[in-house]
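J.: For reference, the structure I am asking about is given below.
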Amino acid sequence: MKRNSLFYFSVSLWLLFTAVMLQAVESAKGKYAHMLFNELFEDYSNALRPVDDTDKVLNVTLQITLSQIKDMDERNQILSAYLWIRQSWYDAYLKWDKDKYDGLDSIRIPSNLVWRPDIVLYNKADDDFSEPVNTNVVLRYDGKITWDAPAITKSSCVVDVSYFPFDSQQCNLTFGSWTYNGNQVDIINSLDSGDLSDFVEDVEWEIHGMPAVKNVITYGCCSEPYPDVTFTLILKRKSSFYIFNLLLPCILISFLAPLGFYLPADSGEKVSLGVTVLLALTVFQLMVAEIMPPSENVPLIGKYYIATMTMITASTALTIIIMNLHHCGSEAKPVPQWARVVILDYMSKIFFVYDVGENCTSPKREKEEERKLEGDDGCQRRHKEVRGHLSSRHDDCDLKEKPNGHLNKSYGVHGENVRETVNCCSCYKMLIKNIEYIANCVRDHKANRAKGIEWKKVAKVMDRFFMWIFFIMVFFMSVLIIGKAA
C-alpha cells in the first residue's frame, strides 16, 4: 500500500511539473509572438505588392473546395454555392529567423494587415459587392501566407434545359485578379480539379466532377496577359422528384384521353372528358413554364406536354365529328357503299364491334334472327291473305253493281238490300286504303330506322378505331420520354 501511494504521488508531481513547464513555454511563445509582430509590421505596408523586385512575378496558388450547392435557379440562370477559397503566396517582407524567436515558426494575424491578391469571381451574379470575409491568415517564417476564407458565391451559369428533367449542366467558376496582369500576379491552380472531399450531398443535383483549367487571355484593351483559373462544375439532375410529380401524372392523364372514344355517345360526357383532360395538362404545362427560363429551347417534358395536348385536341375534334355521325337521323343520306364494305363489314369485325345486344359468343342470336325472320314472313303471309280477301270482296262488289242497277228500277225491296251491299263495299275500299297507308308508314319507318342504326354503327366502329390509334400514340410517346432517363 505504501509503494502504491508513493507511485501515485510521483505521477501527480510529474504531471504538475509538465503543466507548469507547458504554461511557461506558452507564455514564452506568446511573448515572442508579440515581439515578432511588432518587428514585422513596424515598417510594413499592405498597399504594395510584396516583392523584392517590381519586375518579378508574384505567384498565387488557388484551391477551391466545394462544400454545398445552395440553389440552382434555372429561370434566372444563377448558381449559388458555398465554397472554401484557399490562397497562398510568399511575402518577401514578412520573414524571420525562427531560432531567434524560440522556434516560433508561424503566427495567425488578421488578413487585412497583410497584402492580399485581389482575386475575384469573374462571372459573379450577386448584387452584393462587399469585401471578402476578414478571416485570419497563417504567416510562416519563410514568408508564406495562407488565407482560407469561406464564401457564398452566386455565379452566372448558362442552363440548357432541352432535356429537362433528365438534363446535365456545366457551370463555370472563373477566378482571376481584377487589376494585376500576368506579369505582376500569376495564378496557379494547386490541383487539377476542385476539392470535393467535404461536399454535402445535394437533394437535387449529383456532382460528377469539378475540373480546373488555367487560361491566359489577352484583352483588346491591353497587351498584357491576364491569367485566370476556371473550375467547371459538372452537375447531373436527380429526376425522381420530377418523374413522380410532373411526368407520371401527365402520362396517366394522357391515357384517359383515348378512353373518351369508348364512352357511349348517348352519355353526353365524351367531349367534356377531353376538355377536362386538356385543362389538367394546361395546369402542368404552366407549372413547368414557371420553372424554366423563357428561352427558345423547349424542355423535353414541355415537348411531351405540347404533343399530348395536341393529341387530346385532335381526339376532341374527332369526337365531335363522330358524334355528328352517331346522331344522323332519317333525313341523312344512306351509308355509302364503300363505307358499308370497309367499315361495317371489315373494320367492325377487326375491332369486335357488334349491334346492340349482339356479342361474339352468342349462338342464340342466330336462332333469334331466324325466328324473327319467320315471324316477319308469317306476318307478311297473313297480310297478303287479308289483302286478297278484301280484294275478292271488292271484286264481288264491282260485279254486283251492274245487275243491281237494273234491279233497283224494278224491285223496291230488293233495292234497299242492294244499297246496303254497296255501302259495305265502300267501307272495304276505305279499309284497304288505310291498311296500305299504315303498311307504307311502317315500311318507311323501318327503312329510316335501319339507316340511323347503320350510321350509329359506323360511328361506333370509328370510335374503336381512333381509340386504339391514340392508345398506341400515347404508349410510344411515354416510352420515348421515359427512355431519355436511361
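The values are calculated or read from the model by the stated rules, or taken from the named source; none is laboratory data. Note that the coordinates shown come from a computational prediction; the quantities given were computed from them, not determined experimentally. With ideal geometry, Cβ positions are generated from the backbone for all residues, glycine too; neighbour counts draw on all protein chains shown. Protein only, heavy atoms only, side chains kept; ligands, DNA and RNA dropped before computing areas. Shrake-Rupley method; radii C 1.70, N 1.55, O 1.52, S 1.80 Å.
J.: With (1) within 30 Å of HIS34 (Cα to Cα); (2) modelled with pLDDT of 90 or more; (3) surrounded by 16 or more Cβ atoms within 10 Å (Cβ to Cβ) as the list, and GLY143 as the residue in question, which single condition is left unmet?
T.: Condition not satisfied by GLY143: (3).
J.: Next up: Has region 57-73 got any residue that is open to solvent by 40 Å² or more (accessible area, probe 1.4 Å), closer than 26 Å to TYR180 by Cα, touching a residue at least 12 places away in the same chain (Cβ under 8 Å) and charged (D, E, K, R)?
T.: No; the residues of region 57-73 include none that is open to solvent by 40 Å² or more (accessible area, probe 1.4 Å), closer than 26 Å to TYR180 by Cα, touching a residue at least 12 places away in the same chain (Cβ under 8 Å) and charged (D, E, K, R).
J.: So, GLY194, is that one at pLDDT 90 or above and more than 26 Å from LYS56 (Cβ to Cβ) or not?
T.: Judged against the criteria, GLY194 is a match.
J.: Checking ARG86 against (1) open to solvent by 40 Å² or more (accessible area, probe 1.4 Å); (2) part of a loop (DSSP other than H, G, I, E, B); (3) not hydroxyl-bearing (Ser, Thr, Tyr), which test does it fail?
T.: With (1) open to solvent by 40 Å² or more (accessible area, probe 1.4 Å); (2) part of a loop (DSSP other than H, G, I, E, B); (3) not hydroxyl-bearing (Ser, Thr, Tyr) applied to ARG86, the lone miss is (2).
J.: Looking at the structure I just gave you, is SER223 among the polar types (S, T, N, Q) and touching a Pro at 6+ places or on another chain (Cβ under 9 Å)?
T.: On the way: among the polar types (S, T, N, Q): yes; touching a Pro at 6+ places or on another chain (Cβ under 9 Å): no.
Spelling it out, it is not the case that SER223 is among the polar types (S, T, N, Q) and touching a Pro at 6+ places or on another chain (Cβ under 9 Å).
J.: Further, regarding this structure: Being of a type outside the set (Ser, Thr, Tyr), in contact (Cβ under 8 Å) with a residue 24 or more places away in the chain, in the same structural domain as ILE119 (by the TED database) and open to solvent by 20 Å² or more (accessible area, probe 1.4 Å) is the requirement here; does ASP167 meet it?
T.: Working: of a type outside the set (Ser, Thr, Tyr): yes; in contact (Cβ under 8 Å) with a residue 24 or more places away in the chain: yes; in the same structural domain as ILE119 (by the TED database): yes; open to solvent by 20 Å² or more (accessible area, probe 1.4 Å): no.
When the stated conditions are applied, ASP167 does not pass them.
J.: Anything in region 212-233 that is surrounded by 15 or more Cβ atoms within 10 Å (Cβ to Cβ) and over 13 Å from SER67 (Cα atoms)? List them, or say none. Give the derivation first.
T.: Filtering region 212-233 for residues surrounded by 15 or more Cβ atoms within 10 Å (Cβ to Cβ) gives 212, 226-233.
The answer is ALA212, TYR226, PRO227, ASP228, VAL229, THR230, PHE231, THR232.
J.: Name the residue, out of LEU279, LEU252, that is over 17 Å from PHE470 (Cβ atoms) and modelled with pLDDT of 85 or more.
T.: Details: LEU252 fails: over 17 Å from PHE470 (Cβ atoms).
Being over 17 Å from PHE470 (Cβ atoms) and modelled with pLDDT of 85 or more holds for just one of LEU279, LEU252, which is LEU279.
J.: Please determine whether any residue of region 39-61 is closer than 30 Å to LEU286 by Cα and in contact with a helix residue (DSSP H, G or I) (Cβ under 8 Å, 6 or more places away or on another chain).
T.: No, there is no match, as no residue in region 39-61 is closer than 30 Å to LEU286 by Cα and in contact with a helix residue (DSSP H, G or I) (Cβ under 8 Å, 6 or more places away or on another chain).
J.: Considering only region 218-241, I want to know if a residue exists there that is in a helix (DSSP H, G or I) and more than 30 Å from ASN183 (Cβ to Cβ).
T.: Within region 218-241, one or more residues are in a helix (DSSP H, G or I) and more than 30 Å from ASN183 (Cβ to Cβ).
J.: Let me ask you something else. Evaluate the following for SER267: is it open to solvent by 40 Å² or more (accessible area, probe 1.4 Å), small (Gly, Ala, Ser) and in the same structural domain as SER67 (by the TED database)?
T.: Against the criterion (open to solvent by 40 Å² or more (accessible area, probe 1.4 Å), small (Gly, Ala, Ser) and in the same structural domain as SER67 (by the TED database)), SER267 does not qualify.
J.: Just checking, which of VAL120, VAL51 is in a loop (DSSP other than H, G, I, E, B) and without any contact (Cβ under 8 Å) to a residue 60 or more places away in the chain?
T.: VAL51
J.: Within region 194-211, can you find the residues that are open to solvent by less than 60 Å² (accessible area, probe 1.4 Å) and out of contact with any Ser or Thr (no Cβ under 9 Å at 6 or more places or on another chain)?
T.: Correct list: ASP202, GLU204, TRP205, ILE207.
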